[in-house]
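Only the coordinates and a few stated rules stand behind these numbers; no lab work does. Small disclaimer: the values here were computed from a predicted structure and weren't measured. No Cβ is skipped: glycine too gets one built from the backbone with ideal geometry, and neighbour counts run over all protein chains shown.
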Amino acid sequence: MTAAPTDMNDLHRQLDALRPQLVRFAQLQLRNQAQAEDAVQDALIAVLEKPERFAGQSTLRTYVTGILKFKIIDTLRACSRERQIEGAEDQSDDDVIDALFKADGHTQEMPRQWGDPDGALEQKDFFRILEVCLEKLPANTARVFMMREWLELETEEICKELTMTSANCWVVLYRARLRLRECLDLNWFGLARSNKG
Amino acid sequence: MDGIKPTCREVHRLVSEGMDRELSLVERTRMRLHLVVCGACTRFDAQMGLLRRAMRSAPPPPADPGDEAQP
């Protein structure tokens with residue numbers, strides 16, 4: 001069954017509206033503008049070629065994002081040999097971890113209670129800040145973190161792709177989470193709470 | 001293992017590693033017993049949960065439900 005032309009126009013419009021956000025996330029993962037745009041383009045074409053596959057079982061955004069993740073995994077695999085991870089980047093700075101704890105191993109400060117961002121507008125702001133925080137991560141750290149948490153790859157697979165040891169992978173992920181936590185706490189949860197009183 | 005009673009430093013690390021690998025029974029028990037009595041680690045655990053949920057739902061839906069349909 002072919003979709004009616006008006007439906008196709010509508011689909012085109014909806015996909016166009018999604019494109020910038022998809023490119024931004026692909027870019028956060030791949031750290032390469034051209035590859036990010038190619039992956040998104042491939043994902044959008046895949047949807048347009050077989051629109052009947054998207055039967056409204058999820059939102060269009062969820063559907064395209066799912067396809068995009070596969071395209072990105074393909075891209076990562078295709079060029080994993082060129083982008084060997086250099087362990088040095090985030091290796092030596094234990095500061096991120098050390099700064100959190102006193103000498104006796106207790107936390108320096110009580111972590112703040114984070115509420116879930118409520119409502120669509122608040123979520124939109126939250127994700128904007130999350131993106132900024134992801135951009136601030138060192139490139140290799142961000143790549144590992146995005147592979148784990150956005151592409152939802154298993155740690156073993158990430159280690160294999162990037163030729164890292166599991167232990168190294170876990171530490172990189174831990175550091176990424178601590179950095180993101182600090183960034184979100186400062187730029188989102190701190191503000192959200194002071195605005196609400 | 002750093003001692004008889006785990007420190008927040010150890011439990012923070014276990015909370016994160018527990019997201020990436022299966023913890024051993026001993027690690028899980030140490031972590032859980034500590035979480036019962038430690039507000040700081042419990043909050044950290046909740047923050048890590050929210051971070052994971054946020055990443056898995058990214059990119060977010062547009063703020064206005066009409067946005068996706070607009071050029």
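Beyond 29 Å, what share of the Cα-Cα pairs of chain A is found? Please give it as a whole percent. So the pairs more than 29 Å apart make up 36 percent of the total in chain A. A crude spin-label estimate for the pair A:E156 and A:A55, with each label 7 Å from Cα along the Cβ direction, gives 3.4 nm. Only Lys, Arg, Asp and Glu carry charge here, each on its Cβ (+1 for the first two, -1 for the last two); on that basis segment B:8-55 has a dipole of about 120 debye about its Cα centre. Overall size of segment B:8-55 from C-alpha positions, given as principal axis extents largest first: 29, 24, 15 Å. Working from Cα positions, state the angle (0 to 90°, nearest 10) between the long axis of helix A:166-184 and the longest principal axis of chain A. Helix A:166-184 sits roughly 90 degrees off the main axis of chain A.
Compute the FRET efficiency between B:A46 and A:E37 as 1/(1 + (r/R0)^6), taking r as their Cβ-Cβ distance and R0 = 51 Å, and round to the nearest 0.05. Before the final figure, lay out each step's value.
Values: r = 37 Å, r/R0 = 0.72.
Approximately 0.90, to the nearest 0.05.
Legend: calculated FRET efficiency, A:L48 to A:L191, from the Cβ-Cβ distance at R0 = 45 Å, rounded to 0.05, equals 0.65. Annotated for chain A: lysine pairs at least 8 residues apart or interchain, Cα distance under 28 Å, count 13. Computed on chain A, with alpha-carbon pairs under 8 angstrom and 6+ residues apart, the relative contact order is 21 percent. Dipole of segment B:8-55 computed with +1 at Lys/Arg Cβ and -1 at Asp/Glu Cβ about the Cα centre; of B:T42, B:L23, B:C8, farthest Cα towards the positive end is B:T42. Restricting the calculation to Cα atoms, segment A:99-172 yields a radius of gyration followed by a Dmax of 16.0, 42 Å.
Determine the dipole magnitude for chain A: charges of +1 sit on the beta-carbon of Lys and Arg, -1 on that of Asp and Glu, nothing else is charged, the reference point is the Cα centre, and the result goes in debye to the nearest 20.
Values: 26 positive and 33 negative charges, 64 e Å.
Charge dipole, chain A, about its Cα centre: 300 debye, nearest 20.
Annotation: amide H-H contacts under 5 Å for A:F101 (H modelled 1.01 Å from N, sequence separation of 5 or more, or interchain): A:Q108.
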